[in-house]
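This report refers to the structure that appears directly beneath it.
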Amino acid sequence: MSQKPLPSAGSEPALPGRWAAELEARLAPGESLQAWLEIDLDARLKFAAGLVAVSDRRLFARAPDDSGWNEWPLRAGLALNHHDHAGVGTLELLDDNGRLACWRYTLAHNLAALRVIAEFDLQRDALVSGRPAERADEDVCPKCRAPLPPGEDECPACNRESTVAPSTWTLFRLWRFARPYRWQLFTGFLLTLASTGAQLVPPYLTMPLMDEVLIPFQNGKPIDWPLVSMYLGGLLGAALLAWVLGWIRTYILALVSERIGRDLRTTTYDHLLGLSLEYFGGKRTGDLMARIGNETDRINIFLSLDLLNFATDVLMIAMTAVILFSINPWLALVTLLPLPVIAWLIHVVREKLRTGFEKIDRVWAEVTNVLADTIPGIRVVKAFAQEKREGERFRAANEHNLAMNDKLNKTWSLFTPTVTLLTEIGLLVVWVFGIWQIAHGDSTVGVLTAFLAYIGRFYTRLDSMSRIVSATQRAASSTKRIFDILDHVSSVPEPSKPVHLEKVTGRIELKKASFRYGTRAVTRDVDLTIQPGEMIGLVGHSGSGKSTLVNLICRFYDVSEGQVLIDGVDVRSVPVAEFRRHIGLVLQEPFLFFGTIAENIAYGKPDATREEIIAAARAAHAHEFILRLPHGYDSLVGERGQGLSGGERQRISIARALLIDPRILILDEATSAVDTETEKEIQKALDNLVRGRTTIAIAHRLSTLRKADRLVVMDRGRIVEIGNHDQLMAAEGHYYKLYMAQARNVDTEDMLPRLGGLNKAHAE
């Protein structure tokens, strides 16, 4: 008898068949499986298959290293915990006596692990209390109905950026930016209404010209020149009035649309600058540039041209229809016959364009991403002779863009001629019906002539309005991509009730500070107090959490748990810009902007005097090499500091940090990009600069931190040792091992030249 896969709670898929049969045989009558986790690593962190599953009574496990199943009845004191590091998750089963079992898995399965823990706690508490397990709605994802991870209010599986095609209704969100110009827009609408009305006067005047002047003249009646002059004057006056009104309308609305575009770009850029580093970590530079540049330009064109034409088309069609029905209702009905077919075509094409333009925007972002990657990194491209490869990458992205546009143009190219054909058929039907009415005495030649003139305008506008579908969907796609940025809330929000720090002494406290990048824990339960004026050195392997700790202190990220305090005040209570003004930061990779040396040094204090700039440069030992440049402090620095050496760029970035005279100084590998001689100069400057400032320094070369008051050693996101150099060396712990390993490496490097010389002498 074949075994069916067991169902699971929430929306998790059914168990694989290889586990289902074995688990079903172990379940007691009435016992049901609630959640499960597929283990894919063994104790040696090699890929292997295993399973952990929780029912409403027991926890089942089959580790990759075990030949059979283990099970534990759910009871009081039994706990299931998890943590992760370096891409590996660990699930531990504990009781009052210690750890009972341990399983490891890759973080691709972390969501399943969180669900297992949530179900384990829920079912255990239900058994202990004797009450049935009841999951509150707030403990379940409203979309997939799966248990939420502990302490989370959003489902990681569902909380992703929406890829739904944009709706035309998205365009109404632009009213937020149009509202300040509503009176100008209203004036433009009135002018559009008036100019459209003026354009409808000439066809109306053709009826009396035909019926009262030209046809009577053919029948032998002399021409009434005063009457002709009146009608022709009306035609000229209507044309001039339509021209003047159209010119004023177009100018006003063009000014308004440009200002809306400006406000849209400025607001989007300001909002982007206010987002945390976490947002930028998941975005491509080219994509963001395309949104603020191309997308806002497209919206601007839509507002200034396409929307204006659309409004004119709608008014023209509506007013023409009213006039046609007032002249001859039956002929008007015949005129409107193609409308249902055209409306149906517009609906069909709109649905295809709706998704098509969203895809085209994403594909175009791929093209700009290649440019944003390659141009700033052109030195690396040339150094590794990868010009051909990058050219192929751009060509592939460009071909993808071409293919998507060709696919959309295939639909659009068929739609436009079809609408034109329908309008021509409609015109032909009007001719036939109009001649038939004239033949039966139900209409006149003048009426038919006026009808044909109006129909020319009617069908022209109808064809134009059908073309607006493309522009509308393109603008809707752009609007959605812009509001994807504006709708994103910063993970480092401004405080609702800000606390202002009048004077900062530089005391920093971290209390149980923990932080996660997505599902990956980076720091856990960090407790550290840094006194004002103290110099702290952060030490540890790459990935141990040093830079993350600095990011938390600078509030580039907010802690997931715990607190970061400055002078006893939670940094989340202080306005972000106000707090960061007290911090001087020197990054591991110095970044300089295009501009002069002086402008780069004064970036954090734009109103600094030349004397202050020079003083900061002297303190950073940069003054001498700056004076050797062709224009000194007014010498232009290329983009990202091109034209300067790594050490020179680093010293300018140090001067930039020193100019703002911060109470807290953070050096993130500040001397990593300089040679030994330059490092000595910078160290001399730093010896004076750190006095009176709270200084946090990160360095891989441990010898540069020997003057630190304390060294904080980190490993796997935790602080494992604290002390000065001598104390930590005497303890022979983590720091001792790091220092000795680095010392052996340095000794070996120093010996290599000598060994090379000895070998050469021996050979001779």
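The values are calculated or read from the model by the stated rules, or taken from the named source; none is laboratory data. This structure is a prediction, so every number in the text was calculated from the model and none was measured. Note that each Cβ is placed from the backbone with ideal geometry, even for glycine, and that neighbours are counted across all protein chains shown. Just so you know, the surface numbers come from the protein's heavy atoms only, side chains and all, with ligands and any DNA or RNA stripped out. Shrake-Rupley method; radii C 1.70, N 1.55, O 1.52, S 1.80 Å.
Give me the distance between the Cα centres of region 64-79 and region 586-641, rounded to whole Å.
Result: 63 Å between the Cα centres.
Could the peptides 655-663, 107-115 be put in order, highest first, of the mean number of other beta-carbon atoms found within 10 Å of their residues?
655-663, 107-115
Largest first, what is the accessible-area ranking of Cys554, Cys102 with a 1.4 Å probe?
Highest to lowest solvent-accessible surface, that is Cys102, Cys554.
Any of Lys511/Lys707; Lys511/Lys546; Lys283/Lys480; Lys382/Lys546; Lys388/Lys480; Lys359/Lys410 with alpha carbons more than 24 Å apart? Name them for me.
Long pairs (Cα-Cα over 24 Å): Lys511/Lys707; Lys382/Lys546; Lys388/Lys480.
Whose amide H sits under 5 Å from the amide H of Phe594, counting only residues 5 or more places off or on another chain, with H placed in the peptide plane?
Answer set, sorted by chain and number: Arg640.
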